[in-house]
Amino acid sequence: MLLSACGRMGEQPPTAMPADYLPTAVALTAASLPSSTPVMPSQTASPAPTDTATPTPTFTALPTSTRTPTAGPVAKPGNIRILAPGAMSKVVSPIGFRAYIQPGANNQFMLELLGEDGRLLYREVRRHQIYLTDGVYTNIKIPFETRAAAELGRLQVSTFDAFGRPIAINSVHLLLMSIGAEEINFTNTEYARASFYSPSDGSEVYGGTLYLSGEYQPFNDRPIRLELISEAGKILGARILNVEAGIRAPFETSIPYDVDEATPARLILRQADEKFEGTVFLHSELLVLYP
């Protein structure tokens, strides 16, 4: 016992470890110890994928809708499409008039030119057989005489059905010149200023009230007039709507009517000219009205 005690008394004490080396030593010691449980990071990690290979990202396709989308209303080409001269063209005699026209009864249409005071400068009724769905392509020379160096005029095309009711009227304002250089504007759209979306042409209407929706681009700020006209020319119902010039906008309204039996009628939208007497634009379709 004494020898052992003397031996321990002679041993040198261990060298103190520097303070900045302590974390390194702890880490080395931990690495040398066997452990069945991996050291987890302090943050909470997402579960590791079960496959050992790098997972390929997959994308789940969205379910395909079985609902068939409903098509919106489509504006139709106008029955009378004036190609040239366009609005406010400067023209001299004769006017080179070009248009696509769907003729009315007996394949006829009427072409007129009015002077500034409303006098008739030109009128012609023409008959054309229809070969194209767009209508008859027309190229006509229109002579005129003015009372001044220049005046405002209105060139208009009209079609009528077998009962004398107007089917369509389209027109343009022109500057009629006795002399000078022409300045021709061209129409840049094929679509009509007005379209009826409901009811469609040839529809049957019941109950004494016609519910109507459509779209119109006015010539001016004057109100538009909607009418139901029988084959005898009788107005069966009417409605007036206020509009704003130049803005193509949808409209919805209703027209009460009174009939005792099934009655064919023509639904007419018309707008008066602000510079001339008469109608500047007219659009129509056929309906059958029931009590």
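Loop-located trypsin sites (Lys or Arg not before Pro) in the stretch 122-173 (DSSP state not H, G, I, E or B) with no more than 16 neighbouring Cβ atoms inside 10 Å: R147.
Close amide-amide hydrogen proximity is noted between G237 and L228, each under 5 Å apart and 5 or more residues distant or on a separate chain (H modeled in the peptide plane; Pro and chain starts excluded).
Of all DSSP-defined beta bridges confined to the stretch 74-191, some 90% are antiparallel rather than parallel. Using the Karplus relation 6.51 cos²θ - 1.76 cosθ + 1.60 with θ = phi - 60°, the per-residue 3J(HN,Hα) values for the stretch 99-112 come to 6, 9, 10, 8, x, x, 4, 6, 6, 10, 8, 10, 10, 9 Hz, with x marking Gly and Pro. Listed from fewest to most Cβ neighbours within 10 Å, the set R248, R193 follows the order R248, R193. For V259, neighbours were defined as the other residues whose beta-carbon sits under 13 Å from its Cβ, and their charges (Lys and Arg +1, Asp and Glu -1) total -4. Computed log10 I(q)/I(0) for the stretch 193-291 at 0.10, 0.12 Å⁻¹: -0.26, -0.37, from the Debye equation with unit scatterers placed on every C-alpha and solvent omitted.
The relative contact order of the stretch 74-191, computed from alpha carbon pairs under 8 Å that lie at least 6 residues apart in sequence, is 39 percent.
Report the net charge of residues surrounding L121, where surrounding means a beta-carbon distance below 13 angstrom and charges are Lys +1, Arg +1, Asp -1, Glu -1. Every neighbour counted, the sum reads -2.
Placing +1 on the Cβ of every Lys and Arg and -1 on the Cβ of every Asp and Glu, with nothing else charged, gives the stretch 74-191 a dipole about its Cα centre of roughly 240 debye.
Cα-based values for the stretch 168-235, radius of gyration first and Dmax second, are 18.0, 59 Å. Charge tally around R147: other residues with Cβ under 10 Å, Lys/Arg +1 each, Asp/Glu -1 each, net -3. When you filter the GluC sites (Glu not before Pro) in the stretch 176-272 for DSSP loop state and at most 16 other Cβ atoms inside 10 Å of their Cβ, you are left with E182, E190, E231, E244, E261. Amide H contacts of I167: T159, F160, D161, each under 5 Å away and 5 or more positions distant or on a separate chain (H built 1.01 Å from N in the peptide plane; Pro and chain starts excluded).
The fewest-to-most ranking of Y191, Y100 by surrounding Cβ atoms within 10 Å reads Y191, Y100.
The distance from the alpha carbon centre of the stretch 147-181 to that of the stretch 78-119 is 6 Å, rounded to a whole number.
Bear in mind that the values in this text are calculations on the coordinates, not laboratory data. Note that the structure is a prediction, hence the values are computed from the model and not measured. Neighbour counts are summed over all protein chains in view; Cβ atoms, including those assigned to glycine, are modelled from backbone coordinates with ideal geometry.
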